[in-house]
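Read through the structure below, which is laid out as structure tokens, and then see the notes.
Nothing in this text is a laboratory measurement; each read-out follows from the coordinates by a stated rule. Since the structure is predicted, the reported quantities are computational estimates derived from the model, not experimental observations. In this analysis, Cβ positions are derived from the backbone assuming ideal geometry, glycine residues included, and neighbour counts consider all displayed protein chains.
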Amino acid sequence: MGASAIIGGSLLGGGLSLFGASESANAQESAASTAAGANNQAAQLQYQEWQQQQANMQPWLTAGTTAVNNLSSGVESGKYTPPAFSFDPTQIANNPDYQFTMKQGTAALDAAGAAAGNYGSGNMGVALEQFGQGNAATYENQYYNQALNSYNANVNSQYVMPYNQLANTAGLGQTAAQNLASTGQAAESNIGSYTTSAGNALASGQIGAANAMNSGYNGLYNNLMSGYLNQAYLGGNNLYGSSNLYSL
């Protein structure tokens, strides 16, 4: 085999090695770019989903914020602080029912005392006093309970229910905020993971491409060195300048 054929073969082998390395490098970079693109697309979709979640929860956040502000201003102004309960027992004397029972009861006792011959006696006076006290106590308890029930109903409708309605709405807003915080953290974590994966894919592709090209250049170099050594051997020249490859 001639020297030119040896060198030509070495160049051809080295060229094929370099071409294969170039194809491998391009394939690795293309695969890395595809993987990075898929991860970037996933990160973008995750971001869009997070934006949509915020838009969906915004009405609840707005309502909750408004409710909290109204509660705060209402509490500070005393709007939700009911007045103290009060009851005046002396007003019972003006009640028609009480007056009627007192008139009827007194008349009955007078008639009974007159029939027994005790009208105007001390015993009759005691009986009238006991009846009056008992009748007053009965109506006092009755009207006290009525006044207390009316007070409680008014407090519930005018103070408790409005406060609870605002508090419930504020609670819904708080729950929405907590849910958004949780989903936001998850979205941030996922987006970070996808972005990191995209970067890693590109870096891996670049490293793989560089390694493939280095391998190709090494193959070219090895082929050329092999051809040179074969040429030197066949031409009778060694690395030491001797006419015999094996002689010193």
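Couple of notes before you dig in:
- Where labels lie 7 Å past Cα in the beta-carbon direction, separation of TYR159 and GLU188 in nm: 4.3 nm
- For GLN99 and ALA167, the difference between the fully extended length at 0.36 nm per residue and the C-alpha to C-alpha distance is 19.8 nm.
- Contour excess over end-to-end distance, with Cα ends at THR106 and ALA177 and 0.36 nm allotted per residue: 18.5 nm
- Size-normalised alpha-carbon gyration radius of the range 53-140, reference 2.2 N^0.38 Å: 2.43
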